[in-house]
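Only one structure is covered here, and it is reproduced in the block below.
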Amino acid sequence: MKSPIPDYLSKVLDRVRDDTSGANADYIEALAKADPDKMAVAVATVDGQVYSVGDDDVEFSMQSISKAFVYALAIEDRGLSGVLAKIGVEPSGDVFNKLSLESGTNKPMNPMINAGAITAHSLVGPADATAEVRVARILKGMSMLAGRELKVDEAVYEAEMKDWHRNMGLGFMLKAAGIIECDPAEAVKGYIRQCSINVTVRDLAIMAGTLGNGGVHPVTGQRVIPSLSVRQVLSVMTTCGMYDAAGDWVSRVGIPAKSGVAGGIIGALPGQLGLAVFSPRLDKKGNSVRGMSMCEHLSNDMGMHMMDITQVGRATVHTKVMTIAGGVKQEGHELEIPIFELRGAIRFAGAERFTRALVQQLAVPSEARPTHGKHHNACAIVFSLKEAYSLNDVAQKLLREACWRVMSEGRRLVVIDPNRVLSLKGNDQLEKSPPKIVKSRQEARRYIGGAGCQKVSSHSDSGVDI
């Protein structure tokens, strides 16, 4: 059995593929020449599982996405109060590179516009840090977040330096206002280098997943960002991360996010996952056209909007074994049936963990995966929803797909669902050939003991359509 998540992500790409509106950023030569048809999407769960499809190995520069992580570094190095003394947290309502400061304080409005980002860059490292020390600190921090060594794209950096005059104007303005203390030219050069760091969507999904996991790297388990910094970064991403489209973004997508003019967007959903999308064509506000559509599909289909409280609580997944006694044998041994148990309120994260457990436990040896799962030869499977008290829409769809994929392999499937929380409607094949639905483990045992392990007809995958 294979996971339905990559299939779903591929369908997200297919939904937006025909939208060729927008255009590459034309004020940076390297970005203007990028292939506008490239696109990719990646999702990283907070426990380290990464799914990606499309052009997921294509590198592109972080651009303004770097602002969120450099802001976190500045808070770690200078303290939150020290950073707030220099940078505000209010949405500006203006374009990202406007030459303006907050009236009365002379501070940049927030760290997600260029003036605030240049200031945040100047606050990385100790007060006497040189430009080289700041850039090295940022590159090391970004690499720790991505889980691999990242590098500056020198071609992008040189192209941006040819048109640095507006950012240089911001630098001089900040210096005159007493906001930055270092040489403004060095601050702007360093800011442009941080924007020129190359990543893939997989890198960005893991980095966003670290934010979603409270600052703990989802793959290594190492704390990379202090929890207080994460709270501050996510708060500002929510209100300011999408520039003057932030309000529309929050109402439609509802995920703390940050975009970049190379076509990337990250989103971090606390306690659940990080996501990243990539497509170079931008709208008039500097956000990826297809990227925003992908994020909206993900939010709506997977129930990711942070204000969606139709389902509360956390889900847990357990795997147990039920022995069928009384003469029923498989390969000369008493029949052992794996039980995959879901508990609590099931949303995308819980359903994803459930399907992942199935894939791992039922895996058969192949070239891609030479080892087999613990229950690869199980002739019958039990899903227990006895202690699951609700499933949202995406959980329903993923579980229906899991049912169908188990049955498609010729395995007998029994679902313990006394409260009927799982609906089979929406999958025509399941409605025609449903699994056995029972109310208790004892009833499941009796059914499997009577049916034994005779082969059941297999079917082809239905293809997930969340």
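The values are calculated or read from the model by the stated rules, or taken from the named source; none is laboratory data. Bear in mind the structure is a predicted one, so any value in this text is a computation, not a measurement. Note that each Cβ is placed from the backbone with ideal geometry, even for glycine, and that neighbours are counted across all protein chains shown. Accessible surface areas use protein heavy atoms only, side chains included; no ligands, DNA or RNA. Shrake-Rupley method; radii C 1.70, N 1.55, O 1.52, S 1.80 Å.
Considering lysine pairs in segment 186-320 that are 8 or more places apart or on different chains, how many have Cα atoms under 29 Å apart?
Details: Lys189/Lys258; Lys189/Lys284; Lys189/Lys285; Lys258/Lys284; Lys258/Lys285.
Going through segment 186-320 pair by pair, I get 5.
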TODO: Identify, among Gly373, Ile266, Asn213, the residue whose Cα sits farthest towards the positive end of the charge dipole of the chain, taking +1 on the Cβ of Lys and Arg and -1 on the Cβ of Asp and Glu, with the dipole about the Cα centre.
DONE: Gly373
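Over the chain, calculate the relative contact order: mean separation of alpha carbon pairs under 8 Å at least 6 apart, over the residue count, as a percent.
Details: 986 pairs, mean separation 76.7, N = 466.
16 percent.
Suppose every K and R has +1 on its Cβ and every D and E has -1 on its Cβ; what is the size of the dipole of the chain about the Cα centre, in Debye to the nearest 20? List each step's numbers first, then the result.
Details: 54 positive and 52 negative charges, 351 e Å.
It works out to roughly 1680 debye.
Probe radius 1.4 Å, ligands and nucleic acids ignored: give me the carbon and sulfur share of the accessible area of the chain as a rounded percent.
Numbers: 9210 of 18710 Å².
Result for the chain: 49 percent of the exposed heavy-atom area is carbon or sulfur.
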- [ ] For the pairs Lys11/Lys67; Lys86/Lys162; Lys107/Lys140; Lys67/Lys175, note any where the Cα-Cα span goes beyond 23 Å.
- [x] Lys11/Lys67; Lys86/Lys162; Lys107/Lys140
Task: Over the chain: helical MRE at 222 nm, DSSP H runs n ≥ 4 each giving -39500 (n - 2.57), nearest 500 - done: -12000 deg cm²/dmol
Task: In Å², nearest 10: area of Arg166 left accessible to a 1.4 Å probe - done: 110 Å²
TODO: Filter the trypsin sites (Lys or Arg not before Pro) in segment 1-95 to those in DSSP coil with at most 16 other Cβ atoms within 10 Å of their Cβ, and list the result.
DONE: Lys2, Arg17, Lys33, Lys38
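Which order, highest average first, do 269-280, 110-121, 294-305, 169-180 follow once you tally other Cβ atoms within 10 Å for each residue and take the mean per peptide? Mind dumping the intermediate values first?
Values: 269-280: 25.8, 110-121: 28.0, 294-305: 21.9, 169-180: 19.2.
Packing order, densest peptide first, comes out as 110-121, 269-280, 294-305, 169-180.
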Task: Accessible surface of Thr323 - all protein chains present, 1.4 Å probe, nearest 10 Å² - done: 50 Å²
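Under the rule a/c < 1.5 gives rounded, and otherwise a/b versus b/c splits prolate from oblate, where does segment 132-174 land using the Cα gyration tensor? Don't skip to the end; give the middle numbers.
On the way: a/c = 3.31, a/b = 1.75, b/c = 1.89.
It comes out oblate by the Cα gyration axes.
Among Arg356, Arg290, what's the order by accessible area (1.4 angstrom probe), most exposed first? Mind dumping the intermediate values first?
Numbers: Arg356 30, Arg290 10 Å².
Ranked from most to least accessible, the order is Arg356, Arg290.
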TODO: Would you work out if segment 28-76 is rounded, prolate or oblate? Take a ≥ b ≥ c from the square roots of the eigenvalues of the alpha-carbon gyration tensor; rounded if a/c is under 1.5, else prolate when a/b is larger than b/c, oblate otherwise.
DONE: oblate
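Restricting to bridges with both residues inside the chain, how much of the DSSP beta-bridge set is antiparallel, in percent to the nearest 5? Can you show the working numbers first?
Numbers: 38 of 53 bridges.
The antiparallel proportion sits near 70 percent.
With +1 assigned to the C-beta of every Lys and Arg and -1 to the C-beta of every Asp and Glu, and no other charges, what is the dipole magnitude of segment 364-446 about the Cα centre in debye, to the nearest 20?
Numbers: 16 positive and 9 negative charges, 72 e Å.
Rounded to the nearest 20 debye, it is 340 debye.
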Open item on the list: What does the C-alpha gyration tensor say about the overall shape of the chain? Classify as rounded when a/c is under 1.5, otherwise prolate if a/b is larger than b/c, or oblate.
Closed with: prolate
Task: Cβ-defined net charge surrounding Thr105, 11 Å radius [Lys, Arg +1; Asp, Glu -1] - done: 0
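Under unit Cβ charges (Lys, Arg +1; Asp, Glu -1), what dipole magnitude, rounded to 20 debye, does segment 49-206 have relative to its Cα centre?
Numbers: 16 positive and 21 negative charges, 83 e Å.
About 400 debye.
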